[in-house]
1. Restricting to DSSP loop positions (anything but H, G, I, E, B) with no more than 14 other Cβ atoms inside 10 Å of their own Cβ, which chymotrypsin sites (Phe, Trp or Tyr not before Pro) remain in region 54-134?
2. Which whole-number value in Å² is the accessible area per residue of the chain, probe 1.4 Å?
3. To the nearest Å, what is the center-to-center distance of region 38-94 and region 95-147, using C-alpha atoms only?
4. Normalise the Debye intensity by I(0) for the chain, one equal point scatterer per Cα, no solvent, then take log10 at q = 0.17 Å⁻¹ and round to two decimals.
5. Can you pull the percent of the chain's accessible area that's carbon plus sulfur, 1.4 Å probe, other chains left in place?
6. Tell me, what ³J(HN,Hα) does each residue in region 70-79 have, in order and in whole Hz, if you take phi through Karplus 6.51 cos²θ - 1.76 cosθ + 1.60 with θ = phi - 60° and put x for Gly and Pro?
7. Take 33, 55 and sort them by solvent-accessible surface of the protein heavy atoms, 1.4 Å probe, largest at the top.
8. Between residue 123 and residue 1, with labels modelled 7 Å along Cα→Cβ, what's the label distance in nm to one decimal, could you check?
Amino acid sequence: MLIIILSILIGLFLSLITLPVGYYAPEWILLIVIYWAIAIPSNGKMVLAFISGIVVDIVYGQVLGISSLFYVLLIYLILRLYNSLRYMTIAQQAVVLFILILIKQHLLVWAYYIIDSNIDYQALIVGAFVSSLVWPIIYFTLRFIRRKFNIGSMS
């Protein structure tokens, strides 16, 4: 569990580095939580997604709880699609993640519309695309870490 938390903290660091880019940057923390949900599926990943979403809300200065709600919904979908996602190629997973992150971004736009706040729609779409392009890097890096530290399904 310590390695998972450390990887999320590294994702937070990457999010802070790419903060000036705004919504064009990949969703580092979300991609890391998605990887751990695919690699070691359990309901504990939804709690991890909730806490990660709160951290993202604090870092980006968003309405508190908005990202955590969408992160939990996305991880729930990932856990439901686990059997399919696990046996897809990395390119196929990237396409599925692009679609799921795009749905999450549309829900985010809808939520910001409800609270009467503006958000850059094109940046969200580009951010979803960039996130899907970064997915292979996240996947292979975290898979290497998982195998090196022998993180199994008991975590």
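The values are calculated or read from the model by the stated rules, or taken from the named source; none is laboratory data. Here the structure is a predicted model, which is why all the values come from computation and not from measurement. So basically every Cβ, Gly included, is an ideal-geometry build from the backbone, and we count neighbours across all protein chains shown. For the accessible areas, the whole protein counts, side chains as well, though only heavy atoms, and no ligand, DNA or RNA atoms are used. Shrake-Rupley method; radii C 1.70, N 1.55, O 1.52, S 1.80 Å.
1. Qualifying residues, ordered by number: 87.
2. Here the residues of the chain average 54 Å² of exposed surface.
3. Spelled out, the Cα-based centre of one part sits 11 Å from the other.
4. Listed by q, the Debye log ratios stand at -0.96.
5. 70 percent
6. Residue by residue, region 70-79 yields 6, 5, 5, 4, 5, 5, 4, 5, 4, 5 Hz.
7. Largest accessible area first, the list is 55, 33.
8. 3.6 nm
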